[in-house]
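The values are calculated or read from the model by the stated rules, or taken from the named source; none is laboratory data. For clarity, every value in this text was computed on a predicted model and none was experimentally measured. Using ideal geometry, Cβ is built from the backbone for each residue, glycine included, and neighbour counts are taken over all protein chains shown. Heavy atoms of the whole protein, side chains included, go into the accessibility calculation; ligands, DNA and RNA do not. Shrake-Rupley method; radii C 1.70, N 1.55, O 1.52, S 1.80 Å.
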Amino acid sequence: MIIHANDFFFTFTSMSSTAAIGIFDSGIGGITICNEIIRLLPNENIIYLADSKHAPYGEKSEKEIIELSIKNVDFLLNKGCKLIVVACNTATTNAIETLRQTYSIPFIGIEPAIKPAALKSLTNTVGVLATKGTLSSALFSKTSEKHLEKVTILERNGEGIVPLMESGQLDSPKMRKLLNKYLQPMLDKNIDYLVLGCSHYPYLIPQLKKIVGPKVTIIDSGEAVAKQTKNILEQQHLLNKTGRPITHHFISNINTHVLKQFVDVNARKTIVEEVDF
Ligand code: DGL
């Protein structure tokens with residue numbers, strides 16, 4: 001079901017502050033963003049949707065990414081979400097414009113944090129590790145072009161990383177080999193900033209630090225997304241100030257075995273559920 005802007009206007013204007021923040025990604029990666037949101041907005045209900053069945057998004061066409069994003073948004077709107085965080089760089093760079101044109105609910109997206117890296121780089125060389133879908137998007141080109149006068153941007157498609165993570169392999173020999181292969185050429189060219197352009201990658205920071213060493217600063221966009229989420233909720237008078245008990249609901253469309261390794265399953269407010277969608 002697609003709710004078009006006009007149909008949705010009435011629902012949105014009468015939205016309750018206790019409605020959940022909806023968050024989606026192609027799998028467990030967006031939980032890195034979800035955790036930042038929970039840290040900043042501990043009183044909010046959250047519904048997190050992991051579309052692991054269709055991971056990786058990064059190897060799909062723009063059309064497929066838009067279709068999957070619309071499906072995820074419809075699912076979250078049917079659960080009554082008041083705002084949606086597209087916790088996936090690939091979906092943001094390929095689909096957020098369409099989502100904003102299709103629905104009147106506020107959307108927060110995530111993009112590789114090239115700007116702070118470019119502004120702070122002393123070697124004037126910045127590495128970006130992201131999916132093929134993100135690197136080939138028009139939005140990514142537009143953002144990176146703005147900084148090309150100051151810095152050289154070394155892009156690398158992290159092909160294979162997300163499927164390994166979705167199968168629960170974060171620190172396997174296979175993963176270490178892939179990361180070395182992708183990062184060594186950037187280190188040879190003297191990067192001093194590494195931008196993580198995929199919401200899955202912050203889980204790899206301990207392994208990445210071992211490879212890049214102390215001279216390279218690793219940055220991701222999670223905190224910025226959480227701050228923007230708070231700003232928009234404030235502006236729309238949608239912050240939950242009721243003090244009523246809240247839940248953090250994590251939904252996956254495959255077996256929740258891997259998902260459960262990434263969420264605080266023992267917290268009383270946590271619900272983990274497998275749903276076929
Ligand atoms: N976590 C997503 C991102 O930020 C997508 C990874 C994928 O499914 O390829 O790009």
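Quick check: pseudo-label points 7 Å beyond the Cα along Cα→Cβ at N124 and K79, how many nm apart are they?
The two pseudo-label positions are separated by 4.8 nm.
Compute the helix-to-body angle for 222-235: its Cα long axis versus the longest principal axis of the chain, expressed 0 to 90° and rounded to tens.
Around 30 degrees separate the two axes.
Straight-line reach from K209: which aspartates and glutamates have a Cα under 17 Å away, not including same-chain ones fewer than 8 places off?
Cα-Cα hits under 17 Å: D171, D188, D192, D220.
When the dipole is taken about the Cα centre of the chain, and only Lys, Arg (+1) and Asp, Glu (-1) are charged at their Cβ, what size is it in debye, to the nearest 20? Don't skip to the answer; put the middle values down first.
On the way: 30 positive and 27 negative charges, 150 e Å.
In total the dipole reaches around 720 debye.
Given a 1.4 Å probe, how much area per residue of the chain is accessible, in Å²? Don't skip to the answer; put the middle values down first.
On the way: 12890 Å² over 277 residues.
Result: 47 Å² per residue.
I need two numbers for the chain: Rg to one decimal and Dmax as a whole number, Cα atoms only, in Å.
18.4, 56
Please report, as a whole percent, how much of the solvent-accessible surface of the chain comes from carbon and sulfur atoms (probe radius 1.4 Å). It would help to have the intermediate numbers written out before the result.
Values: 6580 of 12890 Å².
The value for the chain is 51 percent carbon and sulfur by accessible area.
Obtain the nm distance between the two label points defined at K230 and K177 by a simple spin-label model: each point lies 7 Å from its Cα along the Cα-to-C-beta direction.
4.4
In whole Å, largest first, what are the principal axis extents of the Cα atoms in the stretch 24-153?
Principal-axis extents of the stretch 24-153 (Cα, largest first): 47, 35, 27 Å.
Sort out for me the Cα centre separation of the stretch 215-277 from the stretch 71-106, rounded to whole Å.
What the calculation gives is 15 Å, centre to centre.
Ordered by residue, what ³J(HN,Hα) values in Hz, to whole numbers, does the stretch 246-253 give under the Karplus form 6.51 cos²θ - 1.76 cosθ + 1.60, where θ = phi - 60° and Gly and Pro are x?
Values per residue, Gly and Pro as x: 10, 10, 10, 9, 10, 10, 10, 9 Hz.
Along the charge dipole of the chain, which of L83, P116, H257 sits closest to the positive end, that is, farthest toward it, with unit charges on the beta carbon of Lys, Arg, Asp and Glu (+1, +1, -1, -1)?
In the chain, that residue is P116.
Per-residue HN-Hα couplings for the stretch 166-181, Karplus 6.51 cos²θ - 1.76 cosθ + 1.60 at θ = phi - 60°, whole Hz, x for Gly and Pro?
5, 8, x, 9, 9, 9, 8, x, 4, 5, 4, 5, 4, 4, 4, 4
May I ask you to rank E273, E234 by accessible area, largest first, using a 1.4 Å probe over the protein chains only? Provide the component values of the computation, followed by the final result.
Details: E273 70, E234 95 Å².
Output order, biggest surface exposure first: E234, E273.
Could you sort 132-141, 252-261 so that the peptide with the highest average Cβ count within 10 Å comes first and the rest follow in order? Working shown, then result.
Working: 132-141: 19.9, 252-261: 16.5.
Listed from highest to lowest mean packing, they are 132-141, 252-261.
Given Cα pairs under 8 Å that are at least 6 residues apart, what percent is the relative contact order of the stretch 13-57? Before the final figure, lay out each step's value.
Values: 49 pairs, mean separation 23.5, N = 45.
It rounds to 52 percent for the stretch 13-57.
May I ask for the angle, rounded to the nearest 10°, between helix 31-40 and the longest principal axis of the chain, with both axes built from Cα atoms and the value confined to 0 to 90°?
Its long axis makes an angle of about 60 degrees.
Counting only Cα, what are the radius of gyration and maximum Cα-Cα distance Dmax of the stretch 186-277, in Å?
When restricted to Cα atoms, the stretch 186-277 yields Rg and Dmax of 18.1, 54 Å.
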